[in-house]
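Report on the structure given below.
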Amino acid sequence: MTKKKDEFQGIIKTTYAESTPWWKEESKPPAGAPNILYIVLDDTGYSQLGCYGSLIETPNIDSIAADGLRYTDFHVNAMCSPTRASLLTGCNNHTVGLGYLSNFDLGFPPLSGNIDPKYGYISETLLEHGYSTFMVGKWHLCNAKHMNGSGPFHQWPLGRGFEKYYGFLNAATSQFYPDLVCDNHPIDPPKTPEEGYHLSADLVDKAIEYIGDQKSCFPEKPFFCDLSFGAMHAPHHAPKEYIAKYKGRFDEGWDVYRKKVFEKQKKLGIIPENTVLTEHNYLADPWDSLTEKQKKIFPRFMEVFAGYLTYTDAQLGRLLDFLKKIGQYDNTLIVLISDNGASGEGGPEGCFSENYHLMSMRWADIVSEEEYKLLGSPEAHNHYPRGWGWAGNTPLKMYKTWVHAGGVKVPLIISYPNKIKDKGSIRTQYHHVVDINKTVLDICGINQPDTIKGVKQAEKPSIGMTYTFNDPKAPRQRHVQYYEMLGNRGIWADGWKAVADHVISDSFEEDKWELYHTDEDHSEAHDLAEKHPEKLRELVDLWWHEAGKFGVLPMLESYYKKKGGFDFNKQMRFAPSEYHSRYTFYPQMTPNSLGPRLANKSFVITIYLNHKKGFDGTLLAAGDNTGGYTLYIKNNKLVLDFNYLAEKHYRVESEATVPDGDITLGFEFVLTRPNEGVGRLLINGKPSGVVTIKEYPLFSGGKFAIGRYGHSPIAKETYSKDYYRYKGVIDRVEIDMERPVNDMDLMLELEKEHDIQ
């Protein structure tokens, strides 16, 4: 009988000396296979890199472009999770379950937020072919309910072909107080902002460490490193000296800035000579229409953004220098992209805290003088006014989440000095992020496997791009690509594109489709729908065909409005509001797991502890300095602080002091009306302090910790180097959302308190 390839091939006899040994052959990459480095930027627009026309300094990214190729007609999926899913699988995002953000499993195949093993990651393929694999930075490819210290971990990086991981799992995080994970373990940042910490530098440090380890121990093996920065997603955080570098550079405003960038793009050859600079969209006001106060404040947001990008570029430079130092740069295939176009999520006037409008359904007022001074600092979670996002997509229309070019057309730089000889050149062939997968495998000499870990693989629509490397005029090989994001729809086919802006209509039937001849109209400036109705009808029909082929339906509705915010409640109408009604948490749990969502619920929090006078500290914390709630002891008084989206604080301190010994402390909240309620502090079950809260949302889930706060303080007065740890012994914390049905006396009592106030 013929033995299987992996079965022992030697001969076993009685003694070792008489036997014939055999060693299983280790997987080896094809001869000459390069290292692979993905550099993924977040929310970085078409024109925000220096080599794509920006006035922001990105010398190290520009150096990669000088050693490689810039693609000017490359497209992604308009949001972060969907693009990352396509990048790593080579499949369309709806097909693999990422029609929206990975955070939510909405109960439909394209909206599950879970990627089935039949859609294998390129990391899994490369690992099976002898590569070392590392993921560093933003992941955002697992459900929020799994972003905790106990998993499950099957959709975390180590479950999908990466051998090492260091970064953050969610959509965004503070650059000064990040929610870090190392492998499968949430960890604290290694330093504080006061000690010079910034996430971009930390991620590059870790990438250098991983590559240094690998090349020291197995120099013959190639590596695959996916370096995915938090930059340039909000919060826009940067060291002061980098922000100061751009003082006054954006005072002329976004209209003048766009024109300067537009002219630079033409000189660089990024856009054709006949490209038209698109007009103002319905969300971006002309600079001349702004007030003098707005004209004074808005440039500061862009100074912060520019400093953030230049600082991140400088960190990337350290990695490039390291690769050159160890002789690996020329043999490294570098793929640099953005996950979507520049964002308009900062609203019409920018915001001190991006979470404010995402959660409150309201745009923030213009920043105060005090907030203005703090932009870019650890205290802020700022995002620029959407006019700057519009300028960041010059010369294109719209923003992230739209499927006009401004949402989906982004920079792509491919560098491979050992093989790409037409250095510094531009390529104009139309391609989509799914095509990176086949391109990398073709360069490595690896065929797409039929199975990964025993799972039969689904077909991938990825089209290799290597045909463009040595022939700038090679005919494009991609001929059709659909788009859909939050109901915004688009379809491109051989130089024509139809697009529907769903956010300005109330139903899909009312969507107005636009038509562009993109071979002649790079910026989608001329709507030809009325001139060529037959072509439009052909493309709309093709969109429905592709939607069926790749599993797009059902579509989510977008709740962006012309001047309004975003309603997550409507977006998540079918999602379960909470998975349990009662929880018990122990102080041994890993900080920064996600806590229960208490929004618009009545609940009781009970903390069992052994206390002594002087043992101040945090008992429970959910959230961070941009919003959340915390119970803590200060000067031997029990305090609740509800930080409402960094806009204001609801604080109540106990009337009684906290006694010594084995006691219970808590907070009881009764929802008296939608988005209104009354809460009271409890000491050994007795009321001691009442607070009325009228806000949307009332309480929500977030980073959760027992006996300390997470990484940034919810209440300013608790800030300390040790996270304001409680010095006593907490036994457990119970949260009960199943209030007794006969608790009418309490309801009436609290209603009375509510009416009096």
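A Cβ distance below 9 Å, combined with a sequence gap of six or more or placement on separate chains, defines the contacts here; from segment 169-195, residues that are without any contact (Cβ under 8 Å) to a residue 12 or more places away in the chain reach residues that are acidic (Asp, Glu) in the pairs 191/202. Out of curiosity, is residue 464 surrounded by 13 or more Cβ atoms within 10 Å (Cβ to Cβ) and within 18 Å of residue 88 (Cβ to Cβ)? Yes: the conditions hold for residue 464. Kindly provide the set of residues from segment 74-84 that are under 16 Å from residue 335 (Cβ atoms) and either surrounded by fewer than 24 Cβ atoms within 10 Å (Cβ to Cβ) or small (Gly, Ala, Ser) (or both), ordered by number. The answer is none; no residue qualifies. Scanning segment 507-546 for residues that are under 22 Å from residue 274 (Cβ atoms) and in a loop (DSSP other than H, G, I, E, B) yields a count of 16. Restricting to segment 290-328, name every residue that is among the small types (Gly, Ala, Ser) and outside any helix (DSSP H, G or I). Scanning segment 290-328 gives a single hit, 327.
So residue 589 clears everything in (1) under 25 Å from residue 149 (Cα atoms); (2) out of contact with any Phe, Trp or Tyr (no Cβ under 7 Å at 6 or more places or on another chain); (3) free of Cβ contacts under 8 Å to residues at least 60 places away in the same chain except one condition, right? Which one? All conditions are met except number (3).
Residues in segment 695-721 that are among the hydroxyl-bearing types (Ser, Thr, Tyr) and closer than 26 Å to residue 676 by Cβ were compared, and the one that is modelled with the highest pLDDT is 696.
Each residue in segment 729-757 was checked for being surrounded by fewer than 19 Cβ atoms within 10 Å (Cβ to Cβ) and at pLDDT 95 or above, and 4 of them qualify. The residues in segment 325-361 that are modelled with pLDDT under 95, aliphatic (A, V, I, L, M) and crowded, with 21+ Cβ neighbours inside 10 Å can be counted, and the count is 1.
Okay, residues lined up against (1) within 19 Å of residue 231 (Cβ to Cβ); (2) surrounded by fewer than 24 Cβ atoms within 10 Å (Cβ to Cβ); (3) touching a His at 6+ places or on another chain (Cβ under 7 Å); (4) outside the structural domain of residue 101 (by TED's automatic domain parsing):
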{"site": "370", "(1), (2), (3), (4)": "no, yes, no, no"}
{"site": "373", "(1), (2), (3), (4)": "no, yes, no, no"}
{"site": "380", "(1), (2), (3), (4)": "yes, no, no, no"}
{"site": "402", "(1), (2), (3), (4)": "no, no, no, no"}
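Of all residues in segment 507-523, those being surrounded by 15 or more Cβ atoms within 10 Å (Cβ to Cβ) and modelled with pLDDT under 95 number 1.
Looking only at segment 30-52, which residues are part of a loop (DSSP other than H, G, I, E, B), under 21 Å from residue 423 (Cβ atoms) and within 25 Å of the chain's Cα centre (by Cα)? Within segment 30-52, 49 is the sole residue that qualifies. Scan segment 62-83 for residues that are of a type in the set (S, T, N, Q) and part of a helix (DSSP H, G or I) and the total you get is 3.
Identify, please: which residue in segment 125-168 is touching a residue at least 60 places away in the same chain (Cβ under 8 Å) and among the basic types (Lys, Arg) and is, among those, surrounded by the most Cβ atoms within 10 Å (Cβ to Cβ)? Looking at residues that are touching a residue at least 60 places away in the same chain (Cβ under 8 Å) and among the basic types (Lys, Arg), I get 138. When every residue of segment 13-20 is checked against the conditions, none turns out to be within 26 Å of residue 477 (Cα to Cα) and not small (Gly, Ala, Ser). Checking each residue in segment 490-506 for being crowded, with 17+ Cβ neighbours inside 10 Å and assigned to a loop (DSSP other than H, G, I, E, B) picks out only 501. Would a scan of segment 431-449 turn up a residue that is under 30 Å from residue 280 (Cα atoms) and charged (D, E, K, R)? Scanning segment 431-449 turns up no residue that is under 30 Å from residue 280 (Cα atoms) and charged (D, E, K, R). Which of the following residues is buried (at least 23 other Cβ atoms within 10 Å of the Cβ) and either of a type outside the set (A, V, I, L, M) or not assigned by TED's automatic domain parsing to the domain that holds residue 70 (or both): 305, 322? Of the residues listed, the single one that is buried (at least 23 other Cβ atoms within 10 Å of the Cβ) and either of a type outside the set (A, V, I, L, M) or not assigned by TED's automatic domain parsing to the domain that holds residue 70 (or both) is 305.
Of everything listed in (1) within 30 Å of residue 31 (Cα to Cα); (2) in contact (Cβ under 8 Å) with a residue 12 or more places away in the chain; (3) surrounded by fewer than 21 Cβ atoms within 10 Å (Cβ to Cβ), the single unmet condition for residue 219 is (2).
The values are calculated or read from the model by the stated rules, or taken from the named source; none is laboratory data. Model, not experiment: these values are computed from the prediction. Reconstructed Cβ throughout: ideal geometry from the backbone, glycine too, with neighbour counts over all protein chains shown.
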